[in-house]
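Notes for the one structure printed next.
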Amino acid sequence: MTLVTDALFATVGVFVGFSLVIIYRIFRGPTMQDRVIAVNVVGTNTVVIIALLGAATDDPGVLDIALVYALLNFLMSIAISKFTVERGGVM
């Protein structure tokens, strides 16, 4: 492996660790807005992780998966936000 590939895999490890820390906020967030933002951050980190793995393995097809997941993450954020507004969860 080259230095660049090792650096990409190390960066993936950092993002996975960061996502695991953010999962705490999903379960213990004091408000619904904190939980929604935490879910969005984990989804965004997942997109970055998938893209970094695609770059590290030199597989351009993985980037298509990252793009689809990014679109799904956006739609999920909109749906959760709409759900919380309709239920009166936003002050």
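Just so it is clear, none of the values below were taken in a lab; they were calculated from the coordinates. Everything quoted here is computed from the prediction, not taken from an experiment. Neighbour counts run over all protein chains shown; Cβ positions are idealised from the backbone, glycine included.
Please tell me if Ile49 is outside any loop (DSSP other than H, G, I, E, B), buried (at least 17 other Cβ atoms within 10 Å of the Cβ) and of a type in the set (Val, Ile, Thr).
So Ile49 fits the description; yes.
Does Leu63 meet the test of being free of Cβ contacts under 8 Å to residues at least 60 places away in the same chain, under 21 Å from Val14 (Cα atoms), surrounded by 13 or more Cβ atoms within 10 Å (Cβ to Cβ) and touching an Asp or Glu at 6+ places or on another chain (Cβ under 9 Å)?
No: the conditions fail for Leu63.
Could you list, in sequence order, the residues of the range 19-33 that are in contact with a helix residue (DSSP H, G or I) (Cβ under 6 Å, 6 or more places away or on another chain) and either in contact (Cβ under 8 Å) with a residue 24 or more places away in the chain or charged (D, E, K, R) (or both)?
To start, the set of residues in the range 19-33 that are in contact with a helix residue (DSSP H, G or I) (Cβ under 6 Å, 6 or more places away or on another chain) comprises 19, 22, 25-26, 29, 32.
If the condition is that a residue be in contact with a helix residue (DSSP H, G or I) (Cβ under 6 Å, 6 or more places away or on another chain) and either in contact (Cβ under 8 Å) with a residue 24 or more places away in the chain or charged (D, E, K, R) (or both), then Ser19, Arg25, Met32 are the ones that fit.
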